[in-house]
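The values are calculated or read from the model by the stated rules, or taken from the named source; none is laboratory data. The shown structure was predicted, so the numbers you read here are calculated from the model rather than taken from an experiment. Every residue, glycine among them, receives a Cβ derived from its backbone with ideal geometry; neighbour counts consider all protein chains shown.
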Amino acid sequence: MSDLDSIFSDDWGEDHRSGMVAVIGRPNVGKSTLINAILGQKIAIVTNKPQTTRQRQLGIHTAEEAQIIFIDTPGIHDPHTKLGDYMVRVAYDALRDADVILWILDVSQPPNDEDKQISKLLKDSSPKTPIILVLNKVDLINNTRDKDEHMGLVAYHEIFEVSAKDKKGIDALLSAIRLLLPLGPRYYPAEQVSETNLRFIAAEMIREQIINLTTEEIPYTVAVEINRFKEKDDLIVIEAFIYVERDSQKGIIIGKKGSMIKQIGIDARAALEKILDKQVHLETRVKVLKNWRTNEQFMKRVGYDFSRGKDD
């Protein structure tokens, strides 16, 4: 037995499978909701606004017979900023790493131009990777709706109808994914559900509350940087900087007599305490950094990895 075999011998049998699954789709079709439902806990923020996911995130589902590593990607869209370009490149890059592609479609709406853009991308860049078509939001339609438009977008290996919100159809989907993965060991401990660090999770939970509580341009012009993250026994102290691009946006986030920033803090703290299972002391400050979405140096500082998604 080799050293590598001995490392994994307790974790997998000869029929154990493992691999990477790219989860793609246009914005707001339910990618993050689906991954959170599969994992049974929250690792990705979920809102009703498009382009919420900005970075590649791994969700790790471990069962006795398989370890499935989901790559949650930003929604593929027509970008208008350097941040948008980055988001789309990250989604494209995930396809190169994938053993299986899950294409999530909102079956409650007819395919649009972004869906057709993804169809072309899949045909051009991933002709040999098996594609599972996932028709999400079946809870919003009746059984007589014609799904031919969605089914005709790409040559797929299998198709599933699910409701990520209601966690319906997930078990059958997982079984199908497993059979398409290569034989191999567990690459992560069974209890690990993400490779994301706690500082990133904290920033994302704060950003989620800002998105949920604000409207218009605010959700798309906000960045969150964790300036301090310190654990003290059962208490976690977090200091976060919230960046916007204009003074008027800063005023909206602060709110009348500080009402908005206070509510953001209350909701973010509650979400973090649920995830971290510890009491959280959260301090936030709002700063203006003009045109930060075109500032690659700043975006690298707050965690956007520009080495991903670069053309080979």
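Taken as a whole, the structure places Lys274 among residues that are in a helix (DSSP H, G or I) and out of contact with any strand residue (DSSP E or B) (no Cβ under 9 Å at 6 or more places or on another chain).
Listed here are the helices (runs of 4 or more DSSP H) enclosed by the range 133-217 that have at least 3 residues being within 22 Å of Gly25 (Cβ to Cβ) and under 16 Å from the mean Cα position of the chain (by Cα): 198-213. Filtering the range 175-198 to residues that are among the hydrophobic types (A, V, I, L, M, F, W, C), touching a Leu at 6+ places or on another chain (Cβ under 9 Å) and at pLDDT below 95 leaves Val193, Leu198.
Restricted to the range 143-163, and to residues there that are more than 16 Å from Thr129 (Cα to Cα), at pLDDT 90 or above and of a type outside the set (D, E, K, R), the residue that is surrounded by the most Cβ atoms within 10 Å (Cβ to Cβ) is Val162.
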